[in-house]
Amino acid sequence: MPTDAERNSTVDVGWNWDHSYVRLPQLFFTKIHPVPVFEPRLVILNQPLAIALGLDPEVLKNAAAIFAGNKIPADSEPIAQAYAGHQFGGFTNLGDGRAVLLGEHLAPGGRRIDIQLKGSGRTPYSRGGDGRATLGPMLREYIISEAMHALGIPTTRSLAVATTGEEIFRTELLPGAVLTRIAASHIRVGTFQYAAAHEDLAALTALADHTLQRHFPELMESETRYFDFFQAVMDRQAALIAKWLHVGFIHGVMNTDNMALSGETIDYGPCAFMNDYDPDTVFSSIDRHGRYAYDKQPQIARWNLARLAEAMLPLLHEDQKTAVDLANEALGSFESRFQAYWLLGMRSKLGLFTAEKEDAALVQELLDWMHASHLDFTNTFRALSDETAIAEPVFIDAGFLTWHSQWAARLTRQPHSPAEAAEKMCAHNPAVIPRNHKVEEALAAAVAGDLSVMQRLLKVLADPYGDTAPQEYTTPPPQGASTYQTFCGT
Ligand code: AMP
Ligand code: MG
């Protein structure tokens, strides 16, 4: 264990701190240091990300004590954030039960980024938990969040994972670890619900202004800025969920505390990517009723946004009835916003540059055929722009051939060449996604001490739209693996 002098001593590794969140009312956080661990050891450092943040990877390589929470970076003002949330529909007061925000780093270009340690020990919000995280799930978040980033989907990212030298009891003893997560912010729908639950209008207003300034500065001067803000948050969520659907991503635990107002994907717990196309796909063992199934995600996003609107009512209008009308008016546009983003992305997946009325039906027919034929979502879309792949026996099928002739005719009704269409398709249909069995294989090796399998996987996932992925990464798991389950006990 560190000595008292070493414990939480500060060290300068080049962060450029500014702490706007601690200027919010005290309600929203507790000042607290990470709990020191027995033996910090750096397992993985995201060097390209470090460089993008204006940090020196060579310095960070020797900063295991920082990444494990034993040393506090100079000028950091660590806090645990308070928030509430609807978890599977039920309202709870939560807060960071195992995470500490070291502060906001101003990256080159002025981008403000939260630096958070996840798994850094108990906080006043830990409830019954131990405040810790285990190595497998933290590396899993690292892999999937970096894959999402490479796919072009807004997401929090992973800078480093350090082990703690301590064993954590879950259903068995597992190695403890701390993930360094970076995010545009950690402001959640649940943060607004927390302010609303305290019936503290001053705090709610301060939070809204902070969030506006941070994520939607262009709306600051608007006379209807809180209404505009709500619509802008809604728009980002509509765009985000559409992107998830385009790559077969299932978040798994879309509670309101896991929805970030920045529009980034956050909280990689039981998430997973779909193999065979089935709109009812659920991976999470705790999601027994399919609340967060693949095709339920837009509906759930709207439900979460309704909770945000409720929390924001006093900001929308002083007259409650008018406020409710405004919220309903805004929420009423969610479905069409989502649909527009979804169709835009789906057109790209089919190589379409122009819009025709029947396009949504054309997409749906392809999906229906994929579903009925039990075909892999990722590979089927990718095959459409590959003449060799599309000659495979699965495509010699009456259902597909009928669809294909409609699609071919549709392609001729746009001025773009087949090469242009194919290029667009390759840029929107990934060749490789983090397949569950490959992720599990990498994690098993990493937890046993061999990082090389994970490093290879990360390299492949960093170029999802290229043609470089070895076949082992693009082949779906063997039949029967569709019973894959993810667990929340992270
Ligand atoms: P999550 O399901 O990861 O979004 O977590 C839900 C809430 O439980 C968050 O407030 C977490 O900080 C908290 N939590 C999760 N795991 C632990 C743990 N091991 N100890 C304390 N709090 C935890
Ligand atoms: Mg969470």
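Values in this text are rule-based calculations from the coordinates and carry no lab data. Note that this is a predicted model, so its numbers are computed, not measured. No Cβ is skipped: glycine too gets one built from the backbone with ideal geometry, and neighbour counts run over all protein chains shown.
Among 452, 385, 285, which comes first, second and so on when ranked by fewest other beta-carbon atoms within 10 Å?
Final ranking by Cβ density, sparse to dense: 452, 285, 385.
Can you show me the helix-derived [θ] at 222 nm for the chain, built from DSSP H runs with n ≥ 4 at -39,500 (n - 2.57) apiece and divided by the number of residues, rounded to the nearest 500.
It comes out at -12500 deg cm²/dmol, rounded to the nearest 500.
Compute the helix-to-body angle for 436-447: its Cα long axis versus the longest principal axis of the chain, expressed 0 to 90° and rounded to tens.
In the chain, helix 436-447 runs at an angle near 30 degrees to the longest axis.
Evaluate the charge dipole of the chain about its Cα centre and quote only its size in Debye, nearest 20, assuming +1 on the Cβ of each Lys and Arg and -1 on the Cβ of each Asp and Glu.
For the chain, the charge dipole is close to 520 debye.
Evaluate the distance, in nm, between pseudo-label points positioned 7 Å from the Cα of residue 389 and of residue 169 along their respective Cα→Cβ axes.
Result for the modelled spin labels: 4.9 nm.
Enumerate by residue number the trypsin sites (Lys or Arg not before Pro) in the range 349-391 meeting two conditions: DSSP loop (anything except H, G, I, E, B), and at most 11 other Cβ atoms within 10 Å of the site's Cβ.
Listed in order of number, the matching sites are 357.
Can you tell which of 479, 153, 163 lies farthest toward the positive end of the dipole of the chain, using +1 and -1 charges on the Cβ of basic and acidic side chains (Lys, Arg; Asp, Glu)?
163
Starting from one equal scatterer on each C-alpha and no solvent at all, send me the Debye-based log10 I(q)/I(0) for the range 41-176 at q = 0.14 Å⁻¹, two decimals.
Debye intensities relative to I(0), on a log10 scale: -0.72.
Determine the sum of side-chain charges near residue 392: Lys and Arg each +1, Asp and Glu each -1, restricted to other residues whose C-beta is under 13 angstrom from that of residue 392.
Net charge around residue 392: -3.
Note down the nm distance, to one decimal, between modelled labels 7 Å out along Cα→Cβ at residue 475 and at residue 19.
Between residue 475 and residue 19, the label points sit 5.3 nm apart.
If you take every DSSP beta bridge fully contained in the chain, what fraction is antiparallel? Give it as a percent rounded to 5.
90 percent
Among 183, 124, 407, pick out the residue whose Cα is farthest towards the positive end of the charge dipole of the chain, where Lys and Arg carry +1 and Asp and Glu carry -1 on C-beta, about the Cα centre.
Working it through, the farthest residue towards the positive pole turns out to be 124.
Using 1/(1 + (r/R0)^6) with R0 = 60 angstrom and r between the beta carbons of residue 467 and residue 59, what's the FRET efficiency to the nearest 0.05?
Taking R0 as 60 Å, the efficiency between residue 467 and residue 59 is 0.95.
For residue 396 and residue 371, compute 0.36 nm times the residue count separating them, minus their Cα-Cα distance, and round to one decimal in nm.
Additional length available on full extension: 7.4 nm.
Report the extension gain between residue 74 and residue 221 in nm, rounded to one decimal, defined as 0.36 nm multiplied by the number of residues separating them, less their alpha carbon distance.
Separation in residues times 0.36 nm, less the Cα-Cα distance, equals 49.4 nm.
As I understand it, the dipole of the range 190-341 uses +1 on the Cβ of Lys and Arg and -1 on the Cβ of Asp and Glu, about the Cα centre. Which of 333, 309, 275 lies farthest toward its positive end?
275
Distance check, please: which entries in 296/459; 61/459; 118/349 exceed 24 angstrom between their Cα atoms?
296/459; 118/349
When only alpha-carbon atoms are used, what values of Rg and Dmax, in angstrom, describe the range 66-143?
For the range 66-143, the Cα radius of gyration and maximum Cα-Cα distance read 14.1, 41 Å.
Treat the count of other C-beta atoms within 10 Å as a stand-in for reagent exposure and order 310, 318 from fewest to most.
Ascending number of Cβ neighbours within 10 Å: 318, 310.
Just the projected area, averaged over all directions, of the convex hull on the alpha carbon atoms of the chain: how many nm²?
23.8 nm²
For the range 347-490, what is the charge dipole size about the Cα centre, in debye to the nearest 20, if Lys and Arg each add +1 at the Cβ and Asp and Glu each add -1 at the Cβ?
The calculated dipole for the range 347-490 is roughly 280 debye.
Taking the chain as the reference, fit the longest principal axis to its C-alpha atoms, fit the long axis of helix 135-151 to the helix C-alpha atoms, and give the angle between the two in degrees, 0 to 90, nearest 10.
With both axes taken from Cα atoms, the answer is about 50 degrees.
Place a point 7 Å from the Cα of residue 339 along the Cα-to-Cβ direction; which residues of the range 227-241 have their backbone N under 20 Å from it?
231-232, 234-241
Just to verify a number: FRET efficiency for residue 107 and residue 199, C-beta to C-beta distance, R0 = 41 Å, to 0.05?
Approximately 0.65, to the nearest 0.05.
Going by C-beta contacts inside 10 Å, put 244, 303 in order with the fewest on the left.
303, 244
Please give the FRET efficiency for residue 361 paired with residue 423, using the beta carbon to beta carbon distance and R0 = 35 Å, rounded to the nearest 0.05.
With a Förster radius of 35 Å, E is 0.90.
What is the magnitude of the charge dipole of the range 404-486 about its Cα centre, with +1 placed on the Cβ of each Lys and Arg, -1 on the Cβ of each Asp and Glu, and no other charges, expressed in debye to the nearest 20?
300 debye
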